[in-house]
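Take a look at the structure below.
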Amino acid sequence: MKRLLKKIIPGPVIGAYHFLLAYAAALRFGFPSRRMVVIGVLGTRGKTTVSNLIWSCLDAAGYKVGLTGTANIRIGKKERMNPYHMTMPGRFVMQKLLAEMRDAGCQIAIVETPSEGVEQWRHVGIAYDIAVMTVLYPEYLETHHWDYERCKRMHRKVFQEISRQPEKKFNGKTVPKTIVVNNDINEPELFLDNPADRKITYGVKNASHVFADSITQDAEGRASFSVGPASYRLGIRGMFNVSNALAAIACAAALEIPQEAVRRGLASMPLVPGRMEEIKNNLGFSVFVDYAHDAVSLEAALSSLKVFKKGKIILITGGQGGGRDKQKRPVMGSIAAKYADCVIVANEDPYSDDPVEIMEEIARGSEASGKIRGKDLFLEPDRREAIRRALSFASTNDIVFVSGKGSEQSMETAEGKIPWDDREVVREELAALQGEKSSIMEK
């Protein structure tokens, strides 16, 4: 029905409706973002990890901070998983969450702001003070009419508007309108060439204001690095998270957060929900759940596992329907084949699309890169059964990597939304497998 209405109703009319709805929501809750410093985190990758790292640094400095994002919602130290299956929920929900932060005494709010949210004007009524651009890779979404240039324009909007947002005070000083940009992306000038009081770049490749060097990674996959004379160590796994940490360091600098608090914040966060999250067990192999749902993030995650790989990598991957990028599917299949010893293609979030067709497109990419069906490539539409099979394949020192959904609390199907959490399903299947092995041992 929604797709039919979009075809019938002119685009400008739909846009005006979304704009007015967002403004009405902000009005209804008293424009709560005007009472807090607001950090908007944008990009096609890394938003959730960057947001949580910023939160941890600010929390370590003693501030009460709120956060809304793909994985989780934080009101100070209280955390709950995001139940909406949307990075940026509907306008009234979004403003209600900001009002909840304001009423709880949060001084700072971190808002993951996806380009789809901007396209639908969900950012209207949010008074941003700092805008962060993480990573920008080509992404082709139905929301953007399958146009990557439009996707870039939506990201840019927040940066273009930040200088026009109302002035605020923090620690007795005027908060400078600040743009923070990853200098390693293509076209950083799209975001830097906008009016702001301060502009801060960060990177691991190109010269930047916040530049990481002396990067190392320990046997557990946790990185250490230096920024000038200061040294840092991450509590979360993955070399790719150094860049995410630099974004947090840059934001902290914009707010004049003490360096020691930033160091503690980066070291004290052991995980971001559903991002390289290890599910502990006593069966002798490792299990990780990760949100990696595209080629770039999947390759970054899998390559980081090589640091502590001793046995096989058994991968569960899949693809999304519902107007998501179709071009990435065979590429994901190829990357899966390159890094994993065994690939299981499973159902993920098909929406109203044919789940078998989505899986086949991924599987063909794996076959083109050498995987053989029935030997080291399997298709399993039942995601629980896929997880069960992957765990049953694992032996001592192997790694089972369950990708695609992370900490999402539901699965979108043609029949509607059903409750789902990869982490809980993995725990249930591990317990069942442990029971089976214990029973065998007793015999």
### Message
Could you work out how much longer the chain between Asp193 and Asn282 gets when fully extended? Use 0.36 nm per residue separation minus the Cα distance between them, nm to one decimal.
### Response
26.8 nm
### Message
Based on the alpha-carbon set only, what is the convex hull volume of the range 72-178 divided per residue, in Å³?
### Response
117
### Task
Please label the shape of the range 7-268 as rounded, prolate or oblate, based on the square roots a ≥ b ≥ c of the eigenvalues of the alpha-carbon gyration tensor (a/c under 1.5 means rounded; beyond that, a/b larger than b/c means prolate, else oblate).
prolate
### Message
Just want to confirm a number: the relative contact order over the chain, from Cα pairs under 8 angstrom separated by 6+ residues, in percent.
### Response
14
### Message
Given Cβ point charges of +1 (Lys, Arg) and -1 (Asp, Glu) and nothing else, what value in debye, to the nearest 20, does the dipole of the range 298-437 about its Cα centre take?
### Response
700
### Query
For Thr68, Thr87, Thr396, what ranking results if the residue with the fewest other Cβ atoms within 10 Å of its Cβ goes first?
Thr396, Thr87, Thr68
#### Entry: Cα→Cβ-extended label distance, 7 Å offset, between Ala431 and Ala16, nm
5.5
### Task
Please work out the Kirkwood hydrodynamic radius for the chain, using every pair of different C-alpha atoms, and report it in angstroms with one decimal place.
22.5
#### Entry: Local electrostatic count, Ser366, Cβ distance below 11 Å [Lys/Arg +1, Asp/Glu -1]
+1
### Task
Between Glu260 and Lys375, with labels modelled 7 Å along Cα→Cβ, what's the label distance in nm to one decimal, could you check?
6.0
### Message
What translational diffusion coefficient, to the nearest whole µm²/s, does the range 277-435 have by Stokes-Einstein, given a Kirkwood radius computed over alpha-carbon pairs, a temperature of 20 °C and 1.002 mPa s viscosity?
### Response
140
### Task
With a point put 7 Å past each Cα toward its Cβ, work out how far Ala368 is from Leu27 in nm, to one decimal.
5.2
### Query
What full-extension length gain, to one decimal in nm, is calculated for Ala230 and Asp218 as 0.36 nm per residue of separation minus the Cα-Cα distance?
2.4 nm
### Task
Determine, for Phe191, Phe170, Phe401, the number of other Cβ atoms within 10 Å of each Cβ, and report the residues in order from fewest to most.
Phe170, Phe401, Phe191
### Task
Treating cross-link reach as a plain straight distance, find the lysines whose alpha-carbon is under 20 Å from the alpha-carbon of Lys417, omitting any fewer than eight places away in the same chain.
Lys2, Lys405
#### Entry: Residue exposure sequence - Trp121, Trp55 - by fewest surrounding Cβ within 10 Å
Trp121, Trp55
### Summary
Expected max-MSF residue from Gly228, Gly62, Gly172 in the GNM of the chain (alpha carbon, under 10 Å) is Gly172
### Query
So what is the relative contact order of the range 277-435, in percent, for Cα pairs below 8 Å that sit 6 or more residues apart?
32
### Query
Quick one: which of Lys280/Lys328; Lys152/Lys328; Lys205/Lys312; Lys78/Lys328; Lys47/Lys338; Lys96/Lys152 span more than 24 angstrom between C-alpha atoms?
Lys280/Lys328; Lys205/Lys312; Lys78/Lys328; Lys47/Lys338; Lys96/Lys152
### Query
Mind checking the dipole of the range 364-422: about its Cα centre, +1 per Lys or Arg Cβ, -1 per Asp or Glu Cβ, Debye to the nearest 20?
220
### Message
I'd like the orientation of helix 47-60 relative to the chain: the angle between its Cα long axis and the longest Cα principal axis, in ° from 0 to 90, rounded to 10.
### Response
60
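All of the numbers you see were taken from the coordinates with simple rules; none came from a lab. These numbers were taken from a predicted model, which means no experiment stands behind them. Please note: Cβ atoms are built from the backbone with ideal geometry, for glycine as well, and neighbour counts cover all protein chains shown.
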